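Student: One structure, pasted below without further comment.
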Amino acid sequence: MRSNSSATTIFRPPILSNQRVGLWWGLLGVAAFSFTVPFTRVAVAGLSPLFIGSARAVVAAILAVLALALTRQRFPRGMQWARLTVVAGGIVVGFPLLTSFALTTVPAGHGAVVIALLPAATATAAVIRGRERPPVAFWAVTAAGSIAAIVFAFAQPGGFGQLHWADLLLFCAVLAAAIGYAEGGLLAREIGAWQTVSWALVLASPLMVFLTGVSVAQQLPTGTSLQWAAFGYLGVVSMFLGFFAWYRGLAIGPIAQVGQIQLVQPVLSICWAALLLGEALSWQTIVGGVAVILCAGIAVRVRLRPQLQPRLQTEIAAPAAATAPDRNR
């Protein structure tokens, strides 16, 4: 009896602790990504969108090669390469290029709509691909958070006032990133968090180098020091270091719940846009931001209790069963 009690005491904290750790890693990644939209808006003012979308991936790929070589990582095997292709297509090629072109015509406040819709899309992709089954309450809060985020972005200057081709690019960017996030979160459990994004960058590097060459041939990149600094952030942090934290959080999981932290990202992005770009920060921004953050907080606290309890019982019973032969002896 004493053995069973000990097993219960030892096992329970790691599960709850791991969930918290996953959420904190996810939050760190979101904080890094929150600068992506405003800094892309800064960069496209002087650099071509094709150059920004492709060259930032080249910069990140160079860092990835160095990291993989210095730590002597093993090459992925078999179907892992195919899954890395999905990740690369979503987060290395699709999202950066599509958002770079879209942000040439829409302000950062409008671009934050992408981030507002991304958590719901990521959760859906995670459920389909990862076979996660969150409770109804989770989906209710997810829907409320998504609606709050959309209304929040709609209330900003340059929101959903007029739909045009840039909005189609933004919607496609959401779809690409959601698939890449979900697949990358699962793959990170097998080959590691930073290894996943690093191999994805390496896999996509030939295409991105080619596109960078095309953009340079079309227009020699020239920009101010501020624009180049924004580009540097996109390449080093948004495309590389930020994914270290983000995929680490997704790997710890659950993917659907960690993904809801992204609901905070449009709030941060518009705040940075107000501070860095001088975009309006009205009372609607404050009220909408509070609503989005509250929904995100509630969503991440909705645990997968129907799945967690049986798992606890199984893990608690395992040590007891293992010690049974010793007692018989």
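Student: How would you rank 203-210, 85-92, 167-174, highest first, on the average number of other Cβ atoms within 10 Å across their residues? Before the final figure, lay out the partial values.
Tutor: Numbers: 203-210: 17.2, 85-92: 23.2, 167-174: 19.2.
Top of the packing list down: 85-92, 167-174, 203-210.
Student: Could you work out how far apart the two model spin labels at residue 131 and residue 77 are, taking each label as a point 7 Å from the Cα in the direction of the beta carbon, and quote it in nm?
Tutor: Those two pseudo-labels are separated by 2.1 nm.
Throughout, read-outs are computed from the coordinates displayed, never taken from laboratory work. Nothing here was measured: the structure is a model prediction, and the numbers come from that model. With ideal geometry, Cβ positions are generated from the backbone for all residues, glycine too; neighbour counts draw on all protein chains shown.
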